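The values are calculated or read from the model by the stated rules, or taken from the named source; none is laboratory data. Just so it is clear, the structure is predicted and the values come from calculations on it, not from any experiment. Glycine also receives a Cβ, built like all others from the backbone with ideal geometry; neighbour counts cover every protein chain displayed. Accessible surface is based on the protein model in full, side chains and every heavy atom, while ligands, DNA and RNA are left aside. Shrake-Rupley method; radii C 1.70, N 1.55, O 1.52, S 1.80 Å.
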Amino acid sequence: IDFDLILENVKYLNLLAGEGSSQIKHTLQGARLKQPEPVPLTLYQNGIVMCNGAFRPYQDPSTQQCLQDIMDGYFPSELQQRYPDGI
């Protein structure tokens, strides 16, 4: 696992997802600025925790796929159900 590449690509993906920007959300009283919700990812020596879920060891195939997606420069494919319209 190339942790340097993961960290570099996470920074890039965060920019694509709108980190530091706000969106206009219309309300009954007018509108408000809303920042995109972050997707927490914590890297440990022996695994990860994503979206405040359960600990996932690096040996788990779904963890390996998630990290491979990030190393390839893509958002993890497992987030497609959570964000069907994309980022």
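To the nearest 0.05, what FRET efficiency results for D72 and I24 with a Förster distance of 30 Å applied to their C-beta separation?
E between D72 and I24, to the nearest 0.05, is 0.40.
At 0.36 nm per residue, and after removing the present C-alpha to C-alpha distance, how many nm does the segment from D4 to K34 gain when stretched out fully?
Difference between extended and current length: 7.7 nm.
With the dipole of the chain worked out from charges on the C-beta (+1 for Lys and Arg, -1 for Asp and Glu) around the Cα centre, which of G47, Y12, T63 lies farthest toward the positive end?
Positive-most Cα among the choices belongs to Y12.
Can you tell which of Y74, Y44, Y58 shows the greatest fluctuation in a Gaussian network model of the chain with Cα springs below 10 Å?
The residue that fluctuates most here is Y44.
Based on the alpha carbon coordinates of the chain, what radius of gyration and maximum Cα-Cα distance (Dmax) apply, in Å?
Both quantities, over Cα of the chain: 15.0, 50 Å.
Using a 1.4 angstrom probe on heavy atoms only, work out the carbon and sulfur share of the accessible area of the chain in %.
With neighbouring chains kept in place, the figure for the chain is 52 percent.
Can you work out the accessible area per residue across the chain, with the rest of the protein chains kept in place, probe 1.4 Å, in square angstrom?
I get 76 Å² per residue for the chain.
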